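The values are calculated or read from the model by the stated rules, or taken from the named source; none is laboratory data. All figures in this text were calculated on a predicted structure; none of them were measured in a lab. Virtual Cβ from ideal backbone geometry, glycine too; neighbours counted across all protein chains shown.
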Amino acid sequence: MSEWILIEQLKQGDEAAFKTIVETWQDMVYNTALGIVQNPEDAEDIAQEVFVQVYESIHSFKGEAKFSTWLYKITVTKTMDHLRRKKRKKRFAFVQSLFGANDEIAHDPPDFHHPGVVLDKKETATELFKAIEQLPDNQKIAFTLNKLEGLNYQEVSEIMNTTVPSIESLLHRAKNNLKKLLEIYYREKYDQNKF
Amino acid sequence: MKKHELEKKIEATLNSLEHVARVGPGPFFYTQVQARLRKDRTAWEKVSAFIAQPAVAFSVICLVISLNTFVIFQTESSSSPSYTEQKNSFLSDESDADVFAFYDEETNNTDAQ
């Protein structure tokens, strides 16, 4: 069934159309969120929020952009909100720990293993995700959309509401930063193994 | 570690997301979305049901009316002149009236004599 028919049906409150929409685009939404937040539970939570938002604001979708672009935009916004909430919580926990109010020990998050990575690249992919985690948010989003979702510069620029040249420069900076981070990581690892 | 080796390793790491497969959420994803939608709707329904209660609605209307009345009275009292302004204006009116009346009367008397 065409996506336009599905959208029209959803606008009329058709539950079956909503189910088809969820089932068609759930992997795209979940995979994008997973690449950015690097946590399966959080990614699933974000994906649910995205589809609730789709259901509630489908009337605002006028069809000027592709439906997938609109979905990516909602996903990126929800993911950013999630990251901001997480950072706020972290800061609050830190302040609490300064006053001795929070006795919880802060743990480093475990290494993230993306289930879709081919077996012989699992180890290097985990190291790459560790470096991606340290990128500024806009570089992280552009890199994830381009490398993990395989979107071209034009598509990434539409999702991030910017121009193609600025996406090119954003990705160039992201790559340079990743190179620097990986260099530090491998040098430290090599020095540790030497001694 | 040699520079060449390091560069090679970094390049391999950067390319490790090539041919990555897209992954999806758990098997009951749609059911969870539906449950979330229902939860959200129930929350709004609770809010609207609370507002629609006669006691709540009546109290809100009374509060709005009393606030409006208070604001109207406040505006009226601030727009009427203060006691000092009233006193000054009264005294100046009185003195002006007396002075002219007195001289007018005196002038009239002298003319008559």
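Can you pull out every residue in the range A:147-179 that is buried (at least 20 other Cβ atoms within 10 Å of the Cβ) and within 12 Å of the chain's Cα centre (by Cα)? Matches in the range A:147-179: A:Lys147, A:Leu148. Among the residues of the range B:1-39, those that are surrounded by fewer than 18 Cβ atoms within 10 Å (Cβ to Cβ), closer than 30 Å to A:Lys179 by Cα and among the small types (Gly, Ala, Ser) comprise B:Ala12, B:Ala21.
The residues of the range A:16-31 that are in contact (Cβ under 8 Å) with a residue 24 or more places away in the chain and at the interface with another protein chain (Cβ under 9 Å from one of its Cβ atoms), listed by number, are A:Phe18, A:Val22, A:Gln26, A:Met28, A:Val29, A:Asn31. Scanning the range A:78-86 for any residue that is modelled with pLDDT under 90 and assigned by TED's automatic domain parsing to the domain that holds A:Ala47 turns up at least one such residue.
What are the pairs with Cβ atoms under 6 angstrom where one residue, in the range A:113-138, is of a type in the set (S, T, N, Q) and the other, located anywhere, is surrounded by fewer than 19 Cβ atoms within 10 Å (Cβ to Cβ) and outside any helix (DSSP H, G or I)? Sequence gap at least six, or different chains. So the pair list comes out as A:Thr126/A:Asp111; A:Thr126/A:His113. Of the helices (runs of 4 or more DSSP H) contained entirely in the range B:1-109, those carrying at least 1 residues that are at pLDDT 80 or above and aromatic (Phe, Trp, Tyr) fall at B:29-52, B:54-79.
Conditions tested, residue by residue: (1) facing chain A (nearest Cβ under 8 Å); (2) of a type outside the set (S, T, N, Q).
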{"residue": "B:Glu7", "(1), (2)": "no, yes"}
{"residue": "B:Leu17", "(1), (2)": "yes, yes"}
{"residue": "B:Phe29", "(1), (2)": "yes, yes"}
{"residue": "B:Phe50", "(1), (2)": "no, yes"}
{"residue": "B:Pro54", "(1), (2)": "no, yes"}
{"residue": "B:Ser59", "(1), (2)": "no, no"}
{"residue": "B:Ser66", "(1), (2)": "no, no"}
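When each of A:Leu151, A:Leu171, A:Leu178, A:Leu145 is tested for being within 9 Å of chain B (Cβ to nearest Cβ) and modelled with pLDDT of 95 or more, the lone residue that passes is A:Leu178. Does A:Pro109 qualify as being modelled with pLDDT of 90 or more and either more than 14 Å from every other protein chain (Cβ to nearest Cβ) or surrounded by 11 or more Cβ atoms within 10 Å (Cβ to Cβ) (or both)? No. Summed over the range A:36-49, residues that are more than 9 Å from chain B (Cβ to nearest Cβ), crowded, with 16+ Cβ neighbours inside 10 Å and assigned to a helix (DSSP H, G or I) total 5.
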